[in-house]
Amino acid sequence: MKRILMQQAPFNEPVKIEGFLEHVRNTRYMAFLVVRDSSGRLQATIEKQLHPEWTELLESLTVESVVSLEGIITENPQVKLRGRELIPTKLEVLSLAAPLPLTKEANIDTRLDYRWIDLRGEKERLLFQVQTCLVAAMREFLLQRNFLEIHTPKLIAAASESGADVFEVGYFDKKAYLAQSPQFYKQMAMAAGFERIFETGPVFRAEKSYTNRHTTEFTGFDLEFSYIESFQDVMQLEAELLTYALERVEEMYGEAILRHYGVKVVVPKLPFPVIALPELYRELERRYGYHLPESERGDTTTEAEQLSYRFSMEEFGHEFLLITDFAADKRAFYHMCKEGVPQGYDLVWRGVEITTGAQREHRYDVLCCQAEERGLGEDVKFYTEFFRYGCPPHGGFGIGVDRLTMLLLGVGIKEAMFLFRSPNRLTP
Ligand code: ATP
């Protein structure tokens with residue numbers, strides 16, 4: 001007989017279900033097994049005198065073993081699990097579980113050591129259902145607008161952008177690096193005339209950060225598009241994209257997220273509020289007495305990002321805030337500048353940066369100058385070449401998928417990823 005998911009299993013006809021044994025209660029006359037698969041849970045009720053051949057098996061059953069059951073599902077209002085139970089005619093253990101090495105109350109680091117067990121819960125599964133929905137909706141939004149999905153290499157010959165923060169790897173008799181962003185290749189696609197592209201892929205950062213929002217490997221959702229008039233077009237596209245995706249998540253999982261994570265999914269209103277950084281600092285100082293350290297002038301700080309959430313809610317009733325007018329020396333050399341002001345932005349959601357976006361410098365001479373000013377001329381020559389033979393004006397942004405998930409559900413980054421990576425965690 002073919003296995004069927006519990007949620008789809010019909011009443012009163014023979015079915016076969018398979019899953020993890022969540023709970024076993026083996027009493028003198030009756031045994032109750034709660035079995036869980038990816039669709040839900042079901043109780044199997046066994047009248048022991050009908051199956052003396054199972055006596056030993058029932059005694060040996062351990063929690064989280066994988067079992068296979070055949071039988072008939074009937075209605076029984078006394079059963080807590082949706083008022084139904086399986087009366088089995090066949091019972092088989094597919095994999096007997098050893099005693100579990102962790103409890104539900106274990107701290108997050110122990111949970112990560114045994115992530116495959118930790119992830120068996122409904123709440124943990126929900127996170128990945130939500131993430132799947134979020135990314136699928138973003139992909140759908142872009143495909144509807146004629147974006148191409150590309151896949152760029154993560155093994156690269158030269159350290160992209162600044163050269164700091166990259167992992168060096170042995171590459172036969174040479175050195176290679178792990179890409180810290182798909183930035184250069186996204187722009188190469190613009191020079192190739194693709195006009196609109198996106199990519200979801202791994203991003204590596206050799207940063208020794210131990211915050212609740214940094215990891216050394218994360219998933220980036222990056223896009224780039226051509227023939228923009230200014231970075232306003234980029235901000236607008238991102239706002240529409242996120243609104244579309246959050247609307248979908250709210251519709252499909254809003255209620256479950258509230259139940260399991262206690263967080264309300266708010267579908268944002270368009271347009272997103274925008275503020276220039278100097279103006280934001282004036283407001284944070286005036287309203288909350290925040291003083292910006294001199295060394296951070298022209299950039300955001302973690303504390304300022306946190307306060308900007310309060311400001312954005314008070315001033316605009318909006319969870320998102322677009323911040324513009326950063327200092328040129330705090331931004332990447334390839335951002336376009338107009339009168340010394342980088343034509344880009346950061347997007348802060350619930351007090352944490354989720355995106356950096358910008359119009360890029362597509363004019364070969366200007367770009368080379370900007371690279372030269374940072375002393376990067378030779379390092380990025382392969383990249384500046386992309387702009388020598390004609391390239392349309394363009395811009396784009398990168399969103400951290402794990403950050404997005406983390407903020408959406410109000411958890412830390414360690415929990416928001418399938419497997420977290422940090423300077424002191426490379427396993428499992
Ligand atoms: P931060 O200031 O938070 O370190 P960043 O300025 O280095 O981030 P970008 O290089 O602009 O970030 O990367 C784009 C997006 O990728 C960020 O807005 C964020 O969502 C995500 N991101 C960046 N670094 C990390 C990281 N170490 N861990 C998880 N996500 C990250």
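The values are calculated or read from the model by the stated rules, or taken from the named source; none is laboratory data. Computed from a prediction, not measured in an experiment: that's the story for all the values here. Using ideal geometry, Cβ is built from the backbone for each residue, glycine included, and neighbour counts are taken over all protein chains shown. Heavy atoms of the whole protein, side chains included, go into the accessibility calculation; ligands, DNA and RNA do not. Shrake-Rupley method; radii C 1.70, N 1.55, O 1.52, S 1.80 Å.
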Report summary line: Plugging the Cβ-Cβ distance of LYS174 and ARG374 into 1/(1 + (r/R0)^6) at R0 = 22 Å yields, to the nearest 0.05, a FRET efficiency of 0.35
Report summary line: So the carbon and sulfur contribution to the accessible area of region 53-118, 1.4 Å probe, in percent, is 54 percent
Report task. With a ≥ b ≥ c taken as the square roots of the eigenvalues of the C-alpha gyration tensor of region 116-227, please select rounded if a/c is under 1.5 and otherwise prolate if a/b is larger than b/c or oblate if it is not? Result -> oblate
Report task. Give the carbon-plus-sulfur fraction of the accessible surface of region 271-363 in %, rounded to a whole number; probe 1.4 Å, heavy atoms of protein chains only. Result -> 47 percent
**Report entry** Proximal aspartates and glutamates to LYS330, defined as alpha-carbon separation beneath 13 angstrom and excluding residues fewer than eight positions away on the same chain
**Finding:** GLU161, GLU296, ASP299, ASP346
Requested in this report: Just check region 239-385 against the gyration tensor rule for me: Cα atoms, a ≥ b ≥ c as the square roots of the eigenvalues, rounded for a/c under 1.5, and otherwise prolate or oblate depending on whether a/b exceeds b/c.
Outcome: oblate
Report task. Could you tell me which of rounded, prolate or oblate describes the chain, using a ≥ b ≥ c as the square roots of the eigenvalues of the alpha-carbon gyration tensor, with rounded for a/c under 1.5 and, failing that, prolate when a/b is larger than b/c and oblate otherwise? Result -> prolate
Report summary line: Pairs over 27 Å Cα to Cα, from LYS80/LYS123; LYS48/LYS104; LYS175/LYS338; LYS264/LYS414, come to LYS48/LYS104; LYS175/LYS338
Report task. In whole Hz, with x marking every Gly and Pro, tabulate ³J(HN,Hα) for region 133-145 from phi via Karplus 6.51 cos²θ - 1.76 cosθ + 1.60, θ = phi - 60°. Result -> 5, 4, 5, 5, 5, 5, 4, 4, 4, 6, 5, 4, 9
Requested in this report: Would you grab the residues whose amide H sits under 5 Å from the one on MET336? Only those 5+ places off in sequence or on another chain, please, with H modelled 1.01 Å from N.
Outcome: GLN343, GLN359, ARG360, GLU361
Report task. Could you grab the relative contact order for the chain? Cα pairs under 8 Å, six or more apart, rounded to a whole percent. Result -> 13 percent
Query raised in the report: Which whole-Hz ³J(HN,Hα) couplings does region 190-205 yield from phi under the Karplus relation 6.51 cos²θ - 1.76 cosθ + 1.60, θ = phi - 60°, glycine and proline marked x?
Result: 5, 5, 7, x, 5, 6, 9, 9, 9, 8, 10, x, x, 10, 10, 10
Query raised in the report: Roughly how large, in nm² to one decimal, is the mean projection of the convex hull of the alpha-carbon atoms in region 202-321?
Result: 10.2 nm²
Report task. Could you check which residue among VAL130, VAL263, VAL169 shows the biggest mean-square fluctuation in a GNM of the chain with a 10 Å Cα cutoff? Result -> VAL169
Report task. Under 14 Å from the Cβ of PRO202, count the other residues' Cβ atoms, weight Lys and Arg +1, Asp and Glu -1, and hand me the total. Result -> -1
Query raised in the report: Where does each of LYS208, LYS104 land when they are ordered by accessible area, with a 1.4 Å probe and the largest first?
Result: LYS208, LYS104
Query - Where the chain is the region considered: accessible area per residue in Å², 1.4 Å probe - result: 50 Å²
